[in-house]
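Below is one structure, written out as structure tokens, with a few remarks after it.
The values are calculated or read from the model by the stated rules, or taken from the named source; none is laboratory data. Fair warning: this is a prediction, and the values are worked out from it, not measured in the lab. Here Cβ is always computed from backbone atoms with ideal geometry, including for glycine, and neighbour counts include all displayed protein chains. Just so you know, the surface numbers come from the protein's heavy atoms only, side chains and all, with ligands and any DNA or RNA stripped out. Shrake-Rupley method; radii C 1.70, N 1.55, O 1.52, S 1.80 Å.
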Amino acid sequence: MSKEIGITSKKSEDFSEWYTQVVIKAQLADYAPVKGLIVLRPYGYSIWEFLKSSVDQKLKATGHENAFLPVLIPESLLSREATHFAGFTPEVFWVTYSGDSEIGDRLALRPTSETLAYSMYSKWIKSWRDLPLKINFWNSALRAEIKATKPFLRTSEFLWQEGHTVHAEKEEAENEVTSILEMYRKTVEEELAIPVILGKKSDKEKFVGAIYTTTMESIMPDGKALQMGTSHFLGQNFSKPFDVKFLDRQNVETFAWQTSWGISWRLIGALIMVHGDDKGLVLPPRVAPIQAVIIPIYSSQEDKDSVLNKASEIKENISKGGIRVHLDSRDEFTPGYKFHDWEMKGVPLRIEIGPKDLSKNKVVLARRDNMKKTDVAFEVLVDGTINALNDIQSDLFARAKTILSSKTKDVTEFSQFKKEIENGMFVRSPWCGSQKCEETIKEDTGADIRVIPFDAKSSEFPCIVCKSPSKTTAMFARGY
RNA sequence: GGGGACGUAGGUCAGCUUGGAUAGACUGCCAGCCUCGGGCGCUGGAUGUCGUGGGUUCAAGUCCCAUCGUCCCCA
């Protein structure tokens, strides 16, 4: 028995080490030769593709188009909006040479594309008839992470989509911000089975250059909050410096209203953390590259022939039922080895078929999430598989929801607040709205405001820090 | 921002304290067997710029200096 090839750390004991092992050993990604960069392997990329296609379909259905922007942005352009530039400059990679000659206006490897996109938009938009303009970019962004890198969660380059829209009316732009966030929520909850909390960021935490930022947040099992996607209302903060303006119906030159929004492969990190266990990855069926794996069991040559025959037949049937199924016919591994292997990779369903099953016209169906095994007759196998996958998807979501609510605490006393943050809780507390109190909390506890939920009500209790009347309730946690 | 650890086979690491001849283990990999229902067993095989550069020494994986890189923890 060789444990080395499996996950050797426990999720509950050494979370960080456990996480890294799952990423590497389930073959989602590998470390690149440059610090802070990872290589996405086919299995990991495949998960990204499911996520991508789900978002992509929804974007296209709502009138968004895809396009592509170059990776290099001249400094003169990046610095045009001062707040934005100041916020990003510490983590920008600069290209300063082309060949042997130094570049005068040095080039940034895009940390985000607002500036580049809007300099183009200003050329493309002339009339109210050109609006709304709704373009999405699937690309990568680069932000230098010097310390504390972690696959998918903190890397110096990451895959994402960034949407940039332009509207004639303020209200229309704000509706866009909201409906994109709602689309994100739907995707994350329905596909990844991760429950999220929607709301606004505080002014301190909002996107640099935005009027406000809406966000979806969740808390991870190690007690750190993860920002899972953001949708920003930019107002006219960018349209003015970038000259994104149009002639309206009254022939008046008007600055446009803008939004930008994005999700990244961070969501894969969340997926691993939320659903994974000591055996490795646990994938929700909707994003699992392989939804069911068939493991044939045999010893003698006759058994092998008959089992593999039936297994192929089953594979075909299930596949026709719209399920992504794989038959593991590798001869060099024992069934036990394969069980562990596919469990580590998080395949939601395993179908075992051996001589004993053949004689009874059934298979053994084993669920990855709860390890339960059931016998299923050949005739009902397709439906049985589909039902099991649906059950797994909803059970995973239900369990994650329970965990989220058990990690959410309402607190009105600062001493209690500190304790709960220390325990890795998502703490909901009254807040006066001042940045000073926010900073005090950050200094004293390491926590910041993750989200001010949309449904937050002003509390009867005073601000958790300064004891002056509270304006709202906010959710605090230490973050990734 | 502060701290800690590490770099030796594809992977995980031992060897370094106290320098010594051909650098090891497990795992993985390759070939062949095996009645393969939870990492089964057996036989044989291939695999190393000991991170890099310099120094000390008769002799350096081991000691010294420099350098590059990686991982982890804490605010």
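Which is the longest run of chain A containing none of the GluC sites (Glu not before Pro) found in DSSP loop states (not H, G, I, E, B) with at most 15 other C-beta atoms within 10 Å? Intermediate results must be reported in sequence, preceding the final value.
Numbers: sites that count: A:E4, A:E13, A:E169, A:E332, A:E413, A:E460.
Of all site-free stretches, the longest is A:170-331.
How many angstrom separate the Cα center of segment A:370-429 from the Cα center of segment A:449-480?
Spelled out, the Cα-based centre of one part sits 25 Å from the other.
Any idea which of A:S54, A:L226, A:Y43 is furthest toward the positive side of the dipole for chain A, if Lys and Arg beta-carbons carry +1 and Asp and Glu beta-carbons -1?
A:L226
Run lengths n ≥ 4 of DSSP H only: what is the helix-derived mean residue ellipticity at 222 nm for chain A, with -39500 (n - 2.57) per run over all residues, to the nearest 500? Each step should come with its number before you reach the end.
Values: 13 runs with 166 residues, N = 480.
Taken over chain A, the calculation gives -11000 deg cm²/dmol.
Could you state, as a whole-number percent, how many of the C-alpha pairs of segment A:203-359 are farther apart than 18 Å? Please report the intermediate quantities before stating the final value.
Details: 8788 of 12246 pairs.
Pairs farther apart than 18 Å: 72 percent.
Could you give the angle, 0 to 90 degrees to the nearest 10, between helix A:170-190's Cα long axis and the longest principal axis of the Cα atoms of chain A?
Compared with the principal axis, the helix lies near 20 degrees.
Relative to the longest principal Cα axis of chain A, at what angle does helix A:381-406 sit, 0 to 90 degrees, rounded to 10?
For helix A:381-406, the angle is close to 50 degrees.
Using alpha carbon coordinates only, what is the Rg to Rh ratio of segment A:337-406, with Rh defined as the Kirkwood radius?
On the way: Rg = 13.9 Å, Rh = 13.2 Å.
Across segment A:337-406, the Cα-based Rg/Rh ratio is 1.05.
Starting from the Cα of A:S53, move 7 Å in the Cα-to-Cβ direction to define the label point; list residues of segment A:318-347 whose amide nitrogen is under 12 Å from there.
A:323-324
Can you list the residues, at least 5 places off or on another chain, whose amide H is less than 5 Å from the amide H of A:F476, using H built in the peptide plane?
Close amide H contacts, sequence-distant or interchain: A:V427, A:R428, A:S429, A:R450.
Before anything else, pin down the relative contact order of chain A: Cα pairs under 8 Å, at least 6 apart, normalised by residue count, whole percent. Write out the running numbers ahead of the final one.
On the way: 971 pairs, mean separation 66.4, N = 480.
The normalised contact order for chain A reaches 14 percent.
Given a Förster distance of 45 angstrom, what is the FRET efficiency for A:S468 paired with A:S405, based on the Cβ-Cβ distance and rounded to 0.05? Please report the intermediate quantities before stating the final value.
On the way: r = 30 Å, r/R0 = 0.66.
The computed FRET efficiency comes out at 0.95.
Taking amide hydrogens as modeled 1.01 Å from N in the peptide plane, which residues meet the under 5 Å criterion relative to A:Y212, leaving out close sequence neighbours?
A:F233
With the full set of protein chains in place, find how many percent of the accessible area of chain A is carbon and sulfur; take the probe as 1.4 Å. Each step should come with its number before you reach the end.
Numbers: 10910 of 21450 Å².
C and S fraction of accessible area: 51 percent.
What shape does segment A:15-275 have by the C-alpha gyration tensor, where a ≥ b ≥ c are the square roots of the eigenvalues, rounded means a/c under 1.5, and otherwise prolate means a/b greater than b/c and oblate the rest?
Taking the square roots of the gyration eigenvalues as a ≥ b ≥ c, segment A:15-275 is oblate.
Compute the distribution of all C-alpha to C-alpha distances in segment A:408-479, in bins of 5 Å from 0, and list the percent of pairs in each, rounded to whole numbers.
Going out from 0 Å in 5 Å bins, segment A:408-479 shows 4, 20, 34, 29, 12, 1 percent.
Stretched out fully, how many nm does the piece from A:T334 to A:K123 gain, at 0.36 nm a residue minus the Cα gap?
69.7 nm
State the three equivalent ellipsoid semi-axes of chain A, derived from the C-alpha gyration tensor as the square roots of 5 times its eigenvalues, in descending order and whole Å. Don't skip to the end; give the middle numbers.
Numbers: eigenvalues 391, 154, 99 Å².
Rounded to whole Å, the semi-axes are 44, 28, 22.
Hey, got a sec? Which trypsin sites (Lys or Arg not before Pro) in segment A:418-458 land in a DSSP loop and have at most 14 other Cβ atoms within 10 Å?
Details: sites: A:K418, A:K419, A:R428, A:K436, A:K442, A:R450, A:K457; in loops: A:K457.
Listed in order of number, the matching sites are A:K457.
What pairs in A:K419/A:K457; A:K52/A:K315; A:K147/A:K201; A:K11/A:K150; A:K315/A:K372; A:K310/A:K356 have C-alpha atoms more than 19 Å from each other? Intermediate results must be reported in sequence, preceding the final value.
Numbers: A:K419/A:K457 24 Å; A:K52/A:K315 27 Å; A:K147/A:K201 25 Å; A:K11/A:K150 16 Å; A:K315/A:K372 21 Å; A:K310/A:K356 13 Å.
Flagged as over cut-off: A:K419/A:K457; A:K52/A:K315; A:K147/A:K201; A:K315/A:K372.
List the chymotrypsin sites (Phe, Trp or Tyr not before Pro) in segment A:322-415 that DSSP assigns to loop (not H, G, I, E or B) and whose Cβ has at most 15 other Cβ atoms within 10 Å. Which are they? Intermediate values should be presented prior to the final figure.
Numbers: sites: A:F333, A:Y337, A:F339, A:W342, A:F378, A:F397, A:F414; in loops: A:F333.
Answer by residue number: A:F333.
Go through segment A:146-200 and name the trypsin sites (Lys or Arg not before Pro) that are in a DSSP coil and have 13 or fewer other Cβ atoms within 10 Å of their Cβ.
Numbers: sites: A:K147, A:R154, A:K170, A:R185, A:K186, A:K200; in loops: A:K147.
Counting only loop positions with at most 13 other Cβ atoms within 10 Å, the trypsin sites (Lys or Arg not before Pro) in segment A:146-200 are A:K147.
Using the Karplus equation 6.51 cos²θ - 1.76 cosθ + 1.60 (θ = phi - 60°), what ³J(HN,Hα) coupling, rounded to whole Hz, does each residue of segment A:89-98 give in order, writing x for Gly and Pro?
Along segment A:89-98, the couplings run 4, x, 10, 8, 7, 10, 9, 10, 10, 10 Hz.
What accessible area per residue comes out for chain A, rounded to a whole number of Å², with a 1.4 Å probe?
Dividing the accessible area of chain A by its residue count gives 45 Å².
Where does helix A:266-275 land angle-wise versus the long Cα axis of chain A, in degrees 0 to 90, nearest 10?
50 degrees
Assuming R0 = 60 Å, can you tell me the calculated FRET efficiency for the pair A:V380 and A:D14, based on Cβ-Cβ distance, to the nearest 0.05? All intermediate terms of the calculation are to be shown ahead of the outcome.
Values: r = 43 Å, r/R0 = 0.71.
Efficiency, from the Cβ-Cβ distance: 0.90.
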